[in-house]
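**Student:** Next up is a structure, given as structure tokens.
Since every read-out is calculated from the coordinates, none of them should be taken as a lab result. In this text, all values refer to a predicted model and were calculated from it rather than measured experimentally. Note that each Cβ is placed from the backbone with ideal geometry, even for glycine, and that neighbours are counted across all protein chains shown.
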Amino acid sequence: MLIFRYLYTLWVAFVFISLMLLAVPFFAFSSFFSKKTAVKICIGYNRWWMNVWGFLTACKLRVANPEKIDHNRAYVFVFNHVSASDAISANACIPLPFTPMAKKEVLKIPILGWLFGRISIIVDRSNPESRKKGLEEMKDNARNGISIFVFPEGTRNKSLSEPLGPFKAGAFITAIDAQLPIAPFVVVGGRDLLPNEKLPAQRCNMTAYYADPIETKGLTLDDVEMLKNKTYAIMQQLLIEHDPRFKNYVPPQG
């Protein structure tokens, strides 16, 4: 019944907000440490936050093949962007400290915006200088062994007919510049938390599927387009194989 879904939505929001408020002292405490240590503290809390949220709301969050990721390396993580639930699944599914790229609008969200600002690379997409600065910050973090997380589509893919939207080049430029491997993965089931991006919420099962990391050693900026297209094809195939919505999807030829 619809009333139970709205009651469930209230519970989902209550748990999320309670754990968000608990994050504030952890994030403030991280200010006393180096950037790398601060990221570990904050992302470690976020991972715990999202897994506890999943447990208390009966939403399952799992990684099908975690062995694909070497915990002793840094990566440029890229995954499909389809829902507001992506921030939840990303924090639950990426096993390493990382800095995400986020648009400046998130800073306007009370409390959550401050938390995002502590760990994210904030970019004003309408400002070329801001985009350039964000890219340089991504490269700097990567060189210091902090993994990077980017939605290569740049914005949510709301289409139910195409597995992925077009990719932007930023993640691939960073990976080549820092000579870090790309770690592509997709999350299936995130759309089900908020069907059509509208309330009420419903419980869902979110599963991450990693592909083999793509090495970038020896690549140059002349290889950005090749790397972008290769990653796109791999992630598209993962979605065709694992997302029931796209099991009959046939990629366009040429």
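**Student:** How high is the relative contact order of the stretch 126-202, given as a whole-number percent (alpha carbon pairs under 8 Å, six or more residues apart)?
**Tutor:** About 23 percent, as a whole number.
**Student:** Pairs of alpha-carbon atoms within less than 8 angstrom and 6+ residues apart define the contacts here; what relative contact order does the stretch 104-254 have, in percent?
**Tutor:** Taking the mean separation of contacting Cα pairs over the length of the stretch 104-254, I get 19 percent.
**Student:** Long-range amide H contacts for ASN157: which residues qualify at under 5 Å (H placed 1.01 Å from N, peptide plane, sequence gap of 5 or more or a different chain)?
**Tutor:** Those qualifying (amide H under 5 Å, at least 5 residues apart or on another chain) are HIS81, VAL82.
**Student:** What is the Cα centroid distance between the stretch 162-220 and the stretch 16-36, reported in whole angstrom?
**Tutor:** A separation of 25 Å, based on Cα centres.
**Student:** Along the Cα-to-Cβ line of SER161, 7 Å from the Cα, sits a label point; which residues in the stretch 187-223 have backbone N less than 15 Å from it?
**Tutor:** Residues passing the 15 Å test: none.
**Student:** So, one more: For Cα pairs less than 8 Å apart in space and 6+ apart in sequence, what is the mean separation divided by the residue count of the stretch 30-172, i.e. the relative contact order in percent?
**Tutor:** 28
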